[in-house]
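Quick notes on the structure that follows.
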Amino acid sequence: MSATETLRGGFERADVHLNGVIKSFGKYHAVDNVNLTIKSGEFFSLLGPSGCGKSTTLAMIGGFEEPTQGEILLGGTDVSHLPAYKRDVNTVFQSYALFPHLNIFENVAFGLRRKGLPKSEIATRVSEILALVDLAGFETRWPARLSGGQAQRVALARALVNRPKLLLLDEPLGALDLKLRRQMQLELKRIQSEIGITFLFVTHDQEEAMVMSDRLAVMAGGRIEQVGTPADVYDNPASEFVAAFLGISNLLPAVLENRGPEFSQARLEDGAIVQFQTARLRGNTSELKLGVRPEKLRILAPGEPPPADCNTLEAIVDVVTYMGVNHQYNLRTRAGQNLTVYAQNFGIGPAIAAGDAVRLAWHRAHSFVIESISSPTGAAS
């Protein structure tokens with residue numbers, strides 16, 4: 001058995017259930033009737049803007065706050081009113097909170113010593129966990145001599161060495177620079193995959209959630225707007241809020257013209273008829289917003305026929321921005337709606353300039369529809 005398999009075998013993992021969870025501060029609901037299931041062994045993210053309730057939700061799962069109403073189950077056990085130290089949960093915060101007077105070995109071993117484990121077991125477990133986070137050989141270093149990424153790894157090792165069933169991560173990469181943050185995103189995903197326990201990650205950064213998560217929940221105003229895989233939520237957002245928060249969306253007012261068995265038709269404000277998958281309709285209203293992501297749109301060359309099964313739309317180019325790997329085009333439809341298009345920079349093809357009249361095309365399966373507007377209000381983070 002390899003060292004990684006031995007380490008993985010020391011961890012148990014648990015699912016998490018939130019049933020009707022509410023957290024109130026006076027008359028104000030910071031978390032408002034949240035129902036959520038996180039599968040055992042899953043990397044799950046709570047994603048949303050500041051004030052959406054994600055950190056308050058994490059704090060209740062970790063035992064730092066008690067729910068006003070509802071229940072929190074960890075591995076089938078109701079832990080709603082247990083203090084943090086009685087839950088098999090550890091938390092990594094944005095502030096690493098390392099003990100400056102202890103070297104790295106003693107920082108990581110701190111929880112094990114409090115449990116009274118034998119010295120030999122402490123030495124073995126600390127060595128294993130430091131190797132997992134790529135800090136083997138750092139045992140005698142001091143926190144003040146570490147980089148930000150190394151300090152974050154020590155904080156992670158200190159949480160994991162206790163072998164929790166659930167690890168909570170509250171915006172742990174927020175203090176790192178962009179390059180190091182992206183590196184740590186991949187490292188966290190690697191570590192979670194190797195040990196297999198449940199990770200619950202809280203972030204306001206859409207890219208972080210998309211890169212690392214098996215599934216994610218988008219929160220707004222203390223409520224969950226949508227749960228799904230990153231691809232599900234990005235390609236088929238359930239509300240205008242989700243469409244706007246998770247990347248950029250082009251949303252065009254439309255009226256349902258015909259509901260078909262596989263594809264339906266809608267009329268845009270400029271009179272264009274476009275198609276979308278009928279399965280994406282969530283209700284019976286005829287007032288829609290039809291959406292398409294900027295990278296799914298293609299600017300047709302003059303006289304070029306649209307590909308089969310594609311919608312088309314006429315627009316005027318307002319602004320062209322060179323982004324290096326791509327060009328960003330800001331356009332207006334004939335009805336005056338703003339659009340954004342990303343085009344890969346292949347370095348070939350005719351130049352497109354501000355003021356040009358163009359035709360856009362996108363595959364009908366890349367359209368999504370939204371039937372109601374989410375207007376979330378602020379809540380405590």
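Checking Ala136 against (1) without any contact (Cβ under 8 Å) to a residue 40 or more places away in the chain; (2) touching a strand residue (DSSP E or B) at 6+ places or on another chain (Cβ under 8 Å), which test does it fail?
Condition (2) is where Ala136 drops out.
Against the definition (of a type in the set (S, T, N, Q), in contact with a Ser or Thr (Cβ under 7 Å, 6 or more places away or on another chain) and closer than 28 Å to Val126 by Cβ), how does Ser24 come out, yes or no?
For Ser24, the condition - of a type in the set (S, T, N, Q), in contact with a Ser or Thr (Cβ under 7 Å, 6 or more places away or on another chain) and closer than 28 Å to Val126 by Cβ - is not met.
Could you grab me the full set of residues in segment 253-310 that are among the small types (Gly, Ala, Ser) and touching a strand residue (DSSP E or B) at 6+ places or on another chain (Cβ under 8 Å)?
Within segment 253-310, Ala254, Ser264, Ala266, Ala272, Ser286, Gly291 qualify.
Show me the strands (runs of 3 or more DSSP E) found entirely inside segment 43-124 where at least 3 residues are crowded, with 19+ Cβ neighbours inside 10 Å.
Details: elements: 43-47, 69-74, 89-93.
Answer list for segment 43-124: 43-47, 89-93.
Out of segment 23-39, which residues are assigned to a loop (DSSP other than H, G, I, E, B) and within 18 Å of the chain's Cα centre (by Cα)?
If the condition is that a residue be assigned to a loop (DSSP other than H, G, I, E, B) and within 18 Å of the chain's Cα centre (by Cα), then Lys39 is the only one that fits.
Taking the condition touching an Asp or Glu at 6+ places or on another chain (Cβ under 6 Å) and more than 13 Å from Val341 (Cβ to Cβ), does Pro253 pass?
Judged against the criteria, Pro253 is a match.
If you check Leu112 against the conditions, is it under 28 Å from the mean Cα position of the chain (by Cα) and in contact (Cβ under 8 Å) with a residue 12 or more places away in the chain?
No.
Condition check: closer than 18 Å to Gly111 by Cα and either over 14 Å from the mean Cα position of the chain (by Cα) or of a type in the set (Val, Ile, Thr) (or both). Does Thr140 satisfy that?
So Thr140 fits the description; yes.
Please return the ranges of strands (runs of 3 or more DSSP E) entirely within segment 284-381 where 2 or more residues are exposed (fewer than 12 other Cβ atoms within 10 Å of the Cβ), outside the structural domain of Pro261 (by TED's automatic domain parsing) and at pLDDT 95 or above.
On the way: elements: 287-292, 310-322, 326-333, 338-344, 357-363, 368-370.
Where strands (runs of 3 or more DSSP E) fall fully within segment 284-381, none carries at least 2 residues being exposed (fewer than 12 other Cβ atoms within 10 Å of the Cβ), outside the structural domain of Pro261 (by TED's automatic domain parsing) and at pLDDT 95 or above.
In segment 227-273, how many are under 13 Å from Ile370 (Cα atoms), among the aliphatic types (A, V, I, L, M) and in a loop (DSSP other than H, G, I, E, B)?
Number of matching residues: 1.
Kindly indicate which of Ser50, Ser55 is in contact with a strand residue (DSSP E or B) (Cβ under 8 Å, 6 or more places away or on another chain), farther than 16 Å from Arg13 by Cβ and among the small types (Gly, Ala, Ser).
Going through Ser50, Ser55 in turn, just one is in contact with a strand residue (DSSP E or B) (Cβ under 8 Å, 6 or more places away or on another chain), farther than 16 Å from Arg13 by Cβ and among the small types (Gly, Ala, Ser): Ser55.
Tell me yes or no: at least one residue of segment 236-246 is over 30 Å from Tyr28 (Cα atoms), buried (at least 22 other Cβ atoms within 10 Å of the Cβ) and either in contact with a helix residue (DSSP H, G or I) (Cβ under 7 Å, 6 or more places away or on another chain) or not assigned by TED's automatic domain parsing to the domain that holds Leu132 (or both).
No, segment 236-246 has no match at all.
Restricting the search to segment 163-189, which residues are of a type in the set (A, V, I, L, M, F, W, C) and either touching a residue at least 12 places away in the same chain (Cβ under 8 Å) or not assigned by TED's automatic domain parsing to the domain that holds Ala151 (or both)? Before the answer, list the steps.
Here is the first cut: in segment 163-189, the residues of a type in the set (A, V, I, L, M, F, W, C) are 166-169, 173, 175-176, 178, 180, 184, 186, 188.
Answer for segment 163-189, where residues must be of a type in the set (A, V, I, L, M, F, W, C) and either touching a residue at least 12 places away in the same chain (Cβ under 8 Å) or not assigned by TED's automatic domain parsing to the domain that holds Ala151 (or both): Leu166, Leu167, Leu168, Leu169, Leu173, Ala175, Leu176, Leu180, Met184, Leu186, Leu188.
The values are calculated or read from the model by the stated rules, or taken from the named source; none is laboratory data. This is a predicted model, so every value here is computed, not measured. Quick reminder, even Gly has a Cβ in these numbers, built from the backbone with ideal geometry, and neighbours come from all protein chains shown.
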